[in-house]
Amino acid sequence: MVRTLDSLDAAGAAVGVRVDINSPLTDAATLADDARLRAHIETLTELAAADARTVVIAHQGRPGGDEFGTLEPHAERLDELLDAPVEYCDATFSADARSRVRGLAPGGLLVLENTRFYSEEYMQWEPSEAADTHLVAKLAPVLDAYVNDAFAAAHRSQPSLVGFPQRLPSYAGRVMETELEVLGSIGGSPEPRVYVLGGAKVADSIDVARSVLERGLADAVVTAGIVGNAFLLADGVTLGAASAEIVNDRSPEAVKQAGELLDEFGHRLYLPRDVAVERDGERVEIDTESLPAAEPAMDIGARTVSAYADILEDAGTVILNGPAGVFENDLFSFGTRELYEAALRTDHSIVGGGDTAAALRSLGLEGFTHVSTGGGAALRMLTGGTLPAVEVLDD
Ligand SMILES: Nc1ncnc2c1ncn2[C@@H]1O[C@H](COP(=O)(O)OP(=O)(O)OP(=O)(O)O)[C@@H](O)[C@H]1O
Ligand SMILES: O=C(O)[C@H](O)COP(=O)(O)O
(Lines give C-alpha, C1' and ligand atoms only; values in the text may rest on other atoms or scores of the structure.)
(Ligands and ions follow the chains in the order given, each with its own letter.)
Protein backbone atom coordinates (compact mmCIF):
# COMPACT_ATOMS: atom_id res chain seq x y z
CA MET A 1 0.00 0.00 0.00
CA VAL A 2 1.27 3.46 -0.82
CA ARG A 3 2.32 5.87 1.90
CA THR A 4 -0.40 8.34 2.88
CA LEU A 5 -0.65 11.75 4.56
CA ASP A 6 -0.53 9.92 7.89
CA SER A 7 3.25 9.62 7.43
CA LEU A 8 3.90 13.18 6.29
CA ASP A 9 5.41 15.65 8.73
CA ALA A 10 3.97 18.70 7.00
CA ALA A 11 4.64 21.56 9.42
CA GLY A 12 6.53 24.30 7.60
CA ALA A 13 7.24 22.02 4.62
CA ALA A 14 6.64 23.10 1.02
CA VAL A 15 4.33 20.35 -0.21
CA GLY A 16 3.51 20.06 -3.92
CA VAL A 17 0.03 18.57 -4.22
CA ARG A 18 -1.06 17.26 -7.62
CA VAL A 19 -4.86 17.46 -7.73
CA ASP A 20 -7.32 16.85 -10.57
CA ILE A 21 -9.52 19.93 -10.70
CA ASN A 22 -10.04 19.68 -14.47
CA SER A 23 -13.60 20.98 -14.64
CA PRO A 24 -16.34 21.87 -17.13
CA LEU A 25 -16.35 25.63 -17.85
CA THR A 26 -19.15 27.96 -18.95
CA ASP A 27 -16.53 30.39 -20.23
CA ALA A 28 -12.77 30.84 -19.73
CA ALA A 29 -13.29 32.56 -16.37
CA THR A 30 -16.20 30.54 -14.96
CA LEU A 31 -16.43 27.00 -13.63
CA ALA A 32 -19.64 25.20 -14.60
CA ASP A 33 -19.21 22.66 -11.80
CA ASP A 34 -16.92 22.63 -8.74
CA ALA A 35 -17.33 18.97 -7.73
CA ARG A 36 -13.74 18.11 -8.57
CA LEU A 37 -12.50 20.97 -6.41
CA ARG A 38 -14.72 19.90 -3.52
CA ALA A 39 -13.32 16.37 -3.74
CA HIS A 40 -9.86 17.64 -2.74
CA ILE A 41 -10.96 19.87 0.14
CA GLU A 42 -10.21 17.20 2.75
CA THR A 43 -6.61 16.78 1.60
CA LEU A 44 -5.99 20.51 1.24
CA THR A 45 -7.61 21.36 4.58
CA GLU A 46 -5.57 18.70 6.32
CA LEU A 47 -2.32 20.07 4.87
CA ALA A 48 -3.19 23.67 5.71
CA ALA A 49 -4.19 22.69 9.25
CA ALA A 50 -0.84 20.93 9.63
CA ASP A 51 0.89 24.22 8.66
CA ALA A 52 2.18 22.95 5.34
CA ARG A 53 3.06 25.48 2.63
CA THR A 54 0.78 23.90 0.04
CA VAL A 55 1.58 24.28 -3.65
CA VAL A 56 -1.32 23.15 -5.83
CA ILE A 57 -0.30 21.59 -9.16
CA ALA A 58 -3.00 20.79 -11.72
CA HIS A 59 -4.17 20.86 -15.35
CA GLN A 60 -7.28 22.21 -17.08
CA GLY A 61 -8.40 20.86 -20.45
CA ARG A 62 -6.28 19.71 -23.35
CA PRO A 63 -4.14 21.96 -25.59
CA GLY A 64 -6.33 23.18 -28.45
CA GLY A 65 -9.53 22.05 -26.73
CA ASP A 66 -12.49 24.24 -25.67
CA GLU A 67 -11.80 23.79 -21.98
CA PHE A 68 -8.08 24.57 -22.12
CA GLY A 69 -7.38 27.53 -19.88
CA THR A 70 -6.04 29.19 -16.77
CA LEU A 71 -6.47 27.92 -13.21
CA GLU A 72 -7.31 31.40 -11.90
CA PRO A 73 -11.05 30.66 -11.47
CA HIS A 74 -10.15 27.41 -9.72
CA ALA A 75 -7.90 29.33 -7.28
CA GLU A 76 -10.70 31.82 -6.58
CA ARG A 77 -13.17 29.03 -5.91
CA LEU A 78 -10.73 27.16 -3.68
CA ASP A 79 -10.26 30.36 -1.70
CA GLU A 80 -14.02 30.42 -1.11
CA LEU A 81 -14.21 26.73 -0.23
CA LEU A 82 -11.23 26.61 2.14
CA ASP A 83 -10.72 28.37 5.46
CA ALA A 84 -7.04 28.86 4.61
CA PRO A 85 -5.85 31.68 2.26
CA VAL A 86 -5.41 30.65 -1.40
CA GLU A 87 -3.22 32.62 -3.82
CA TYR A 88 -2.83 32.19 -7.56
CA CYS A 89 0.35 32.45 -9.63
CA ASP A 90 0.14 32.90 -13.41
CA ALA A 91 3.19 30.72 -14.04
CA THR A 92 4.07 27.15 -13.11
CA PHE A 93 7.84 26.95 -12.63
CA SER A 94 9.28 30.34 -13.63
CA ALA A 95 11.62 32.28 -11.32
CA ASP A 96 8.57 34.21 -10.12
CA ALA A 97 6.63 31.01 -9.39
CA ARG A 98 9.58 29.56 -7.48
CA SER A 99 10.01 32.72 -5.48
CA ARG A 100 6.28 32.68 -4.62
CA VAL A 101 6.69 29.09 -3.40
CA ARG A 102 9.67 30.06 -1.23
CA GLY A 103 7.72 32.98 0.24
CA LEU A 104 4.55 31.01 0.99
CA ALA A 105 3.57 31.15 4.67
CA PRO A 106 2.81 28.00 6.70
CA GLY A 107 -0.92 27.22 6.41
CA GLY A 108 -1.17 29.04 3.08
CA LEU A 109 -1.89 27.67 -0.41
CA LEU A 110 -0.58 28.71 -3.81
CA VAL A 111 -2.24 27.51 -7.02
CA LEU A 112 0.28 27.35 -9.86
CA GLU A 113 -0.78 27.82 -13.49
CA ASN A 114 -2.08 24.98 -15.71
CA THR A 115 0.76 22.46 -16.13
CA ARG A 116 -0.41 21.77 -19.69
CA PHE A 117 0.57 25.30 -20.76
CA TYR A 118 4.00 23.65 -21.11
CA SER A 119 4.24 21.13 -23.94
CA GLU A 120 6.25 18.53 -22.01
CA GLU A 121 3.32 17.98 -19.67
CA TYR A 122 1.10 16.74 -22.47
CA MET A 123 3.52 13.94 -23.41
CA GLN A 124 3.83 10.50 -21.84
CA TRP A 125 7.19 9.71 -20.20
CA GLU A 126 9.09 7.05 -18.39
CA PRO A 127 9.25 8.30 -14.77
CA SER A 128 13.04 8.74 -14.86
CA GLU A 129 12.76 10.93 -17.97
CA ALA A 130 9.80 12.83 -16.52
CA ALA A 131 12.05 13.77 -13.59
CA ASP A 132 14.26 15.71 -16.01
CA THR A 133 11.52 17.77 -17.65
CA HIS A 134 11.64 21.52 -17.08
CA LEU A 135 8.60 21.51 -14.80
CA VAL A 136 9.94 18.86 -12.43
CA ALA A 137 13.61 19.85 -12.57
CA LYS A 138 12.82 23.50 -11.75
CA LEU A 139 10.04 23.03 -9.23
CA ALA A 140 11.23 20.00 -7.21
CA PRO A 141 14.18 21.90 -5.63
CA VAL A 142 11.81 24.40 -3.96
CA LEU A 143 9.53 21.62 -2.64
CA ASP A 144 10.12 19.31 0.33
CA ALA A 145 7.49 16.67 -0.46
CA TYR A 146 5.02 15.61 -3.15
CA VAL A 147 1.45 14.45 -2.59
CA ASN A 148 -0.55 12.90 -5.41
CA ASP A 149 -4.29 13.29 -4.90
CA ALA A 150 -5.12 13.28 -8.63
CA PHE A 151 -6.62 9.82 -8.92
CA ALA A 152 -8.63 10.87 -11.99
CA ALA A 153 -5.42 11.62 -13.90
CA ALA A 154 -3.35 8.73 -12.51
CA HIS A 155 -3.63 6.74 -15.75
CA ARG A 156 -1.41 9.35 -17.46
CA SER A 157 2.39 9.16 -17.18
CA GLN A 158 2.89 12.90 -17.47
CA PRO A 159 5.66 14.83 -15.66
CA SER A 160 3.53 16.32 -12.90
CA LEU A 161 2.19 12.83 -12.14
CA VAL A 162 5.21 10.53 -12.44
CA GLY A 163 8.23 12.87 -12.35
CA PHE A 164 8.12 14.39 -8.87
CA PRO A 165 8.25 11.08 -6.94
CA GLN A 166 11.67 10.49 -8.54
CA ARG A 167 13.02 13.57 -6.80
CA LEU A 168 10.91 14.00 -3.65
CA PRO A 169 9.43 11.85 -0.89
CA SER A 170 5.93 11.05 -2.15
CA TYR A 171 2.57 10.37 -0.55
CA ALA A 172 -1.01 9.60 -1.59
CA GLY A 173 -3.59 12.25 -0.70
CA ARG A 174 -6.98 11.36 0.81
CA VAL A 175 -8.84 11.15 -2.52
CA MET A 176 -6.18 8.86 -3.94
CA GLU A 177 -6.15 6.75 -0.79
CA THR A 178 -9.93 6.21 -0.78
CA GLU A 179 -10.13 5.48 -4.51
CA LEU A 180 -7.34 2.90 -4.30
CA GLU A 181 -8.92 1.28 -1.26
CA VAL A 182 -12.42 1.03 -2.73
CA LEU A 183 -11.65 0.24 -6.36
CA GLY A 184 -8.69 -1.95 -5.44
CA SER A 185 -10.81 -4.13 -3.16
CA ILE A 186 -13.73 -4.78 -5.49
CA GLY A 187 -12.58 -8.42 -5.69
CA GLY A 188 -13.37 -8.73 -1.98
CA SER A 189 -16.70 -6.89 -2.05
CA PRO A 190 -19.97 -8.72 -1.22
CA GLU A 191 -21.24 -11.18 -3.83
CA PRO A 192 -23.04 -11.64 -6.11
CA ARG A 193 -21.43 -8.78 -7.98
CA VAL A 194 -23.34 -7.10 -10.78
CA TYR A 195 -21.77 -4.70 -13.28
CA VAL A 196 -24.11 -2.24 -15.00
CA LEU A 197 -22.48 -0.98 -18.21
CA GLY A 198 -24.21 1.79 -20.14
CA GLY A 199 -23.27 5.03 -21.86
CA ALA A 200 -21.50 5.69 -25.10
CA LYS A 201 -17.94 4.39 -24.61
CA VAL A 202 -18.80 1.10 -26.28
CA ALA A 203 -15.27 -0.20 -26.86
CA ASP A 204 -14.18 0.64 -23.28
CA SER A 205 -17.28 -0.99 -21.82
CA ILE A 206 -16.79 -4.15 -23.84
CA ASP A 207 -13.21 -4.29 -22.51
CA VAL A 208 -14.51 -3.90 -18.96
CA ALA A 209 -17.14 -6.61 -19.53
CA ARG A 210 -14.56 -9.02 -20.92
CA SER A 211 -12.10 -8.36 -18.12
CA VAL A 212 -14.54 -8.72 -15.22
CA LEU A 213 -16.16 -11.82 -16.73
CA GLU A 214 -12.82 -13.52 -17.48
CA ARG A 215 -11.42 -12.72 -14.05
CA GLY A 216 -14.56 -13.97 -12.32
CA LEU A 217 -15.19 -10.56 -10.78
CA ALA A 218 -18.70 -10.27 -12.23
CA ASP A 219 -21.53 -12.68 -11.54
CA ALA A 220 -23.66 -10.71 -13.99
CA VAL A 221 -23.11 -7.90 -16.49
CA VAL A 222 -26.19 -5.84 -17.25
CA THR A 223 -26.06 -3.72 -20.41
CA ALA A 224 -27.83 -0.49 -21.36
CA GLY A 225 -27.26 2.70 -23.37
CA ILE A 226 -25.36 2.39 -26.64
CA VAL A 227 -23.44 -0.49 -25.05
CA GLY A 228 -26.73 -2.40 -24.66
CA ASN A 229 -27.63 -1.63 -28.26
CA ALA A 230 -24.30 -3.11 -29.41
CA PHE A 231 -25.09 -6.33 -27.54
CA LEU A 232 -28.62 -6.42 -28.98
CA LEU A 233 -27.21 -6.15 -32.51
CA ALA A 234 -24.67 -8.88 -31.71
CA ASP A 235 -27.55 -11.05 -30.48
CA GLY A 236 -29.28 -10.72 -33.87
CA VAL A 237 -31.93 -8.16 -32.85
CA THR A 238 -32.77 -5.89 -35.80
CA LEU A 239 -32.75 -2.59 -33.92
CA GLY A 240 -33.02 -0.50 -37.08
CA ALA A 241 -30.52 1.37 -39.24
CA ALA A 242 -30.46 4.52 -37.07
CA SER A 243 -29.41 2.67 -33.91
CA ALA A 244 -26.96 0.45 -35.78
CA GLU A 245 -25.27 3.50 -37.27
CA ILE A 246 -24.75 5.08 -33.83
CA VAL A 247 -23.15 1.88 -32.54
CA ASN A 248 -20.91 1.47 -35.60
CA ASP A 249 -19.88 5.13 -35.52
CA ARG A 250 -18.76 4.71 -31.94
CA SER A 251 -16.90 1.49 -32.57
CA PRO A 252 -16.92 -0.47 -35.85
CA GLU A 253 -15.63 -3.56 -34.00
CA ALA A 254 -18.20 -3.40 -31.19
CA VAL A 255 -20.83 -5.77 -32.56
CA LYS A 256 -18.28 -8.44 -33.41
CA GLN A 257 -16.61 -8.16 -30.01
CA ALA A 258 -19.95 -8.16 -28.18
CA GLY A 259 -20.85 -11.32 -30.16
CA GLU A 260 -17.67 -13.05 -28.99
CA LEU A 261 -18.50 -12.20 -25.39
CA LEU A 262 -22.06 -13.48 -25.82
CA ASP A 263 -20.71 -16.78 -27.18
CA GLU A 264 -18.40 -17.22 -24.23
CA PHE A 265 -20.31 -15.64 -21.35
CA GLY A 266 -23.92 -15.39 -22.63
CA HIS A 267 -25.36 -16.87 -19.42
CA ARG A 268 -23.91 -14.00 -17.36
CA LEU A 269 -24.70 -11.17 -19.79
CA TYR A 270 -28.09 -9.43 -19.72
CA LEU A 271 -29.54 -7.49 -22.65
CA PRO A 272 -32.40 -4.97 -22.86
CA ARG A 273 -35.87 -6.42 -23.50
CA ASP A 274 -37.32 -3.17 -24.79
CA VAL A 275 -36.08 0.22 -25.92
CA ALA A 276 -37.51 3.74 -26.06
CA VAL A 277 -37.62 5.95 -29.15
CA GLU A 278 -39.05 9.40 -29.86
CA ARG A 279 -42.10 9.35 -32.13
CA ASP A 280 -44.10 12.52 -32.84
CA GLY A 281 -42.47 14.20 -29.85
CA GLU A 282 -43.49 11.39 -27.47
CA ARG A 283 -41.57 8.60 -25.77
CA VAL A 284 -42.61 5.24 -27.25
CA GLU A 285 -41.37 1.92 -25.81
CA ILE A 286 -40.95 -1.01 -28.17
CA ASP A 287 -40.26 -4.65 -27.24
CA THR A 288 -37.16 -6.03 -28.92
CA GLU A 289 -39.35 -8.68 -30.67
CA SER A 290 -41.30 -5.83 -32.34
CA LEU A 291 -38.25 -4.02 -33.72
CA PRO A 292 -36.85 -2.58 -36.05
CA ALA A 293 -37.72 1.04 -35.49
CA ALA A 294 -36.92 3.89 -37.85
CA GLU A 295 -35.95 6.08 -34.89
CA PRO A 296 -32.78 5.46 -32.81
CA ALA A 297 -33.13 3.62 -29.47
CA MET A 298 -32.37 6.29 -26.86
CA ASP A 299 -33.21 4.54 -23.60
CA ILE A 300 -34.14 1.20 -22.08
CA GLY A 301 -37.87 0.62 -21.52
CA ALA A 302 -39.93 -0.32 -18.45
CA ARG A 303 -39.72 -4.11 -19.07
CA THR A 304 -35.94 -3.93 -19.08
CA VAL A 305 -35.87 -1.74 -15.98
CA SER A 306 -38.07 -4.22 -14.13
CA ALA A 307 -35.94 -7.23 -15.17
CA TYR A 308 -32.72 -5.44 -14.25
CA ALA A 309 -34.14 -4.23 -10.91
CA ASP A 310 -34.80 -7.91 -10.03
CA ILE A 311 -31.17 -8.75 -10.75
CA LEU A 312 -29.94 -5.80 -8.69
CA GLU A 313 -32.23 -6.73 -5.81
CA ASP A 314 -30.21 -9.92 -5.26
CA ALA A 315 -26.82 -8.25 -5.74
CA GLY A 316 -24.29 -7.91 -2.92
CA THR A 317 -22.37 -5.25 -4.85
CA VAL A 318 -23.39 -3.19 -7.87
CA ILE A 319 -20.75 -1.42 -9.95
CA LEU A 320 -22.16 1.12 -12.41
CA ASN A 321 -20.58 2.93 -15.34
CA GLY A 322 -22.39 5.10 -17.87
CA PRO A 323 -26.06 6.14 -18.12
CA ALA A 324 -28.82 3.83 -19.40
CA GLY A 325 -29.94 6.30 -22.06
CA VAL A 326 -29.85 9.89 -23.24
CA PHE A 327 -30.58 11.13 -19.71
CA GLU A 328 -30.02 14.78 -20.73
CA ASN A 329 -33.37 14.61 -22.55
CA ASP A 330 -36.37 14.35 -20.18
CA LEU A 331 -38.00 11.82 -22.50
CA PHE A 332 -35.09 9.45 -21.97
CA SER A 333 -33.95 9.96 -18.36
CA PHE A 334 -36.36 7.26 -17.11
CA GLY A 335 -34.02 4.27 -17.59
CA THR A 336 -31.04 5.91 -15.91
CA ARG A 337 -33.08 7.22 -13.01
CA GLU A 338 -34.84 3.88 -12.34
CA LEU A 339 -31.75 1.73 -12.76
CA TYR A 340 -29.58 3.89 -10.53
CA GLU A 341 -32.39 4.09 -7.96
CA ALA A 342 -32.52 0.29 -7.94
CA ALA A 343 -28.73 0.27 -7.39
CA LEU A 344 -29.16 2.67 -4.46
CA ARG A 345 -31.35 0.04 -2.75
CA THR A 346 -28.42 -2.41 -2.61
CA ASP A 347 -26.00 -2.35 0.32
CA HIS A 348 -22.89 -1.73 -1.74
CA SER A 349 -23.06 0.51 -4.82
CA ILE A 350 -20.01 1.86 -6.60
CA VAL A 351 -20.17 4.35 -9.45
CA GLY A 352 -17.13 4.51 -11.72
CA GLY A 353 -16.58 7.62 -13.81
CA GLY A 354 -16.47 11.34 -13.22
CA ASP A 355 -18.92 12.33 -15.95
CA THR A 356 -21.44 9.74 -14.84
CA ALA A 357 -21.16 11.16 -11.34
CA ALA A 358 -22.02 14.66 -12.54
CA ALA A 359 -24.98 13.26 -14.49
CA LEU A 360 -26.29 11.53 -11.39
CA ARG A 361 -26.06 14.70 -9.35
CA SER A 362 -28.07 16.51 -12.03
CA LEU A 363 -30.77 13.82 -11.71
CA GLY A 364 -30.70 14.14 -7.90
CA LEU A 365 -29.38 10.58 -7.47
CA GLU A 366 -27.19 10.50 -4.38
CA GLY A 367 -26.22 8.10 -1.62
CA PHE A 368 -23.98 5.57 -3.38
CA THR A 369 -21.37 3.78 -1.29
CA HIS A 370 -18.64 5.28 -3.46
CA VAL A 371 -18.67 7.60 -6.45
CA SER A 372 -15.30 7.59 -8.16
CA THR A 373 -13.75 10.89 -9.20
CA GLY A 374 -12.09 9.14 -12.14
CA GLY A 375 -13.32 8.13 -15.60
CA GLY A 376 -10.40 6.54 -17.45
CA ALA A 377 -8.49 5.86 -14.22
CA ALA A 378 -11.45 4.04 -12.63
CA LEU A 379 -11.95 1.95 -15.77
CA ARG A 380 -8.26 1.05 -15.75
CA MET A 381 -8.60 -0.25 -12.18
CA LEU A 382 -11.84 -2.08 -12.90
CA THR A 383 -10.13 -3.95 -15.73
CA GLY A 384 -7.22 -4.96 -13.50
CA GLY A 385 -4.78 -2.50 -15.08
CA THR A 386 -2.17 -0.50 -13.20
CA LEU A 387 -1.94 3.27 -12.83
CA PRO A 388 1.49 4.71 -13.71
CA ALA A 389 1.17 7.59 -11.24
CA VAL A 390 0.41 5.16 -8.40
CA GLU A 391 3.19 2.73 -9.32
CA VAL A 392 5.81 5.43 -8.65
CA LEU A 393 4.53 6.52 -5.23
CA ASP A 394 6.58 5.49 -2.18
CA ASP A 395 5.32 2.51 -0.14
N1 LIG B 1 -29.03 4.95 -26.36
C2 LIG B 1 -28.25 6.01 -26.46
N3 LIG B 1 -28.16 6.68 -27.62
C4 LIG B 1 -27.36 7.77 -27.74
N5 LIG B 1 -26.63 8.28 -26.72
C6 LIG B 1 -26.70 7.64 -25.54
C7 LIG B 1 -27.51 6.49 -25.35
N8 LIG B 1 -27.36 6.09 -24.07
C9 LIG B 1 -26.50 6.96 -23.49
N10 LIG B 1 -26.10 7.88 -24.37
C11 LIG B 1 -25.20 9.01 -24.14
O12 LIG B 1 -24.01 8.56 -23.55
C13 LIG B 1 -23.37 9.68 -22.96
C14 LIG B 1 -22.55 9.28 -21.78
O15 LIG B 1 -21.77 8.14 -22.10
P16 LIG B 1 -20.28 7.93 -21.58
O17 LIG B 1 -19.94 6.50 -21.77
O18 LIG B 1 -19.40 8.94 -22.20
O19 LIG B 1 -20.47 8.14 -20.07
P20 LIG B 1 -19.72 9.09 -19.13
O21 LIG B 1 -20.69 9.37 -18.05
O22 LIG B 1 -19.10 10.25 -19.86
O23 LIG B 1 -18.60 8.13 -18.63
P24 LIG B 1 -17.39 8.45 -17.71
O25 LIG B 1 -17.99 8.96 -16.46
O26 LIG B 1 -16.75 7.10 -17.60
O27 LIG B 1 -16.52 9.47 -18.40
C28 LIG B 1 -24.47 10.62 -22.56
O29 LIG B 1 -24.21 11.88 -23.14
C30 LIG B 1 -25.74 9.97 -23.12
O31 LIG B 1 -26.59 10.90 -23.73
O1 LIG C 1 -10.84 14.49 -16.79
C2 LIG C 1 -10.05 13.54 -16.79
O3 LIG C 1 -10.35 12.39 -17.15
C4 LIG C 1 -8.68 13.77 -16.21
O5 LIG C 1 -8.57 15.07 -15.73
C6 LIG C 1 -7.62 13.46 -17.22
O7 LIG C 1 -7.75 14.34 -18.30
P8 LIG C 1 -7.22 13.89 -19.74
O9 LIG C 1 -8.11 12.77 -20.19
O10 LIG C 1 -7.30 15.12 -20.59
O11 LIG C 1 -5.81 13.40 -19.55
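The values are calculated or read from the model by the stated rules, or taken from the named source; none is laboratory data. No experiment lies behind these values; they were computed from the predicted model shown. Quick reminder, even Gly has a Cβ in these numbers, built from the backbone with ideal geometry, and neighbours come from all protein chains shown. When the accessible area is computed, the model is the full protein with side chains, heavy atoms only, and any ligands, DNA or RNA have been set aside. Shrake-Rupley method; radii C 1.70, N 1.55, O 1.52, S 1.80 Å.
Brief remarks follow.
- Qualifying residue in the stretch 297-312 (condition: within 14 Å of the chain's Cα centre (by Cα) and of a type outside the set (Lys, Arg)): no
- Filtered residues of the stretch 256-281 (kept if open to solvent by 40 Å² or more (accessible area, probe 1.4 Å) and not hydroxyl-bearing (Ser, Thr, Tyr)): 256, 257, 260, 263, 264, 267, 268, 273, 278, 279, 280, 281
- Selection from the stretch 282-335 of residues that are aromatic (Phe, Trp, Tyr) and open to solvent by 20 Å² or more (accessible area, probe 1.4 Å): 327, 334
- Of the strands (runs of 3 or more DSSP E) lying entirely inside the stretch 261-330, none contains at least 2 residues that are touching a residue at least 24 places away in the same chain (Cβ under 8 Å), at positive phi and away from ligand 1 (no atom under 15 Å from the Cβ).
- Only one entry in 216, 188, 199 is away from ligand 1 (no atom under 16 Å from the Cβ) and at positive phi, namely 216.
- Checked against (1) open to solvent by 40 Å² or more (accessible area, probe 1.4 Å); (2) away from ligand 2 (no atom under 15 Å from the Cβ); (3) touching a strand residue (DSSP E or B) at 6+ places or on another chain (Cβ under 9 Å); (4) under 30 Å from residue 123 (Cα atoms), residue 371 passes all but condition (2).
- For the stretch 186-208, the tally of residues that are closer than 13 Å to residue 349 by Cα and not aromatic (Phe, Trp, Tyr) stands at 8.
- Hits in the stretch 49-65 (condition: part of a loop (DSSP other than H, G, I, E, B) and either touching a residue at least 40 places away in the same chain (Cβ under 8 Å) or buried (at least 16 other Cβ atoms within 10 Å of the Cβ) (or both)): 50, 51, 52, 58, 59, 60, 61, 62, 63
So that you can scan it fast, the table gives a plain yes or no per residue for (1) in contact with a Ser or Thr (Cβ under 9 Å, 6 or more places away or on another chain); (2) open to solvent by less than 70 Å² (accessible area, probe 1.4 Å); (3) not assigned by TED's automatic domain parsing to the domain that holds residue 143:
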residue	(1), (2), (3)
68	no, yes, no
72	no, no, no
78	no, yes, no
83	yes, no, no
91	no, yes, no
98	no, yes, no
109	yes, yes, no
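- Within the stretch 345-368, being in contact with an Asp or Glu (Cβ under 9 Å, 6 or more places away or on another chain) and either surrounded by 18 or more Cβ atoms within 10 Å (Cβ to Cβ) or within 16 Å of residue 313 (Cα to Cα) (or both) holds for 345, 346, 354, 359, 360, 365.
- Considered as a group, the residues in the stretch 18-39 that are closer than 28 Å to residue 393 by Cβ and outside any loop (DSSP other than H, G, I, E, B) include one that is most open to solvent (accessible area, probe 1.4 Å), and that residue is 38.
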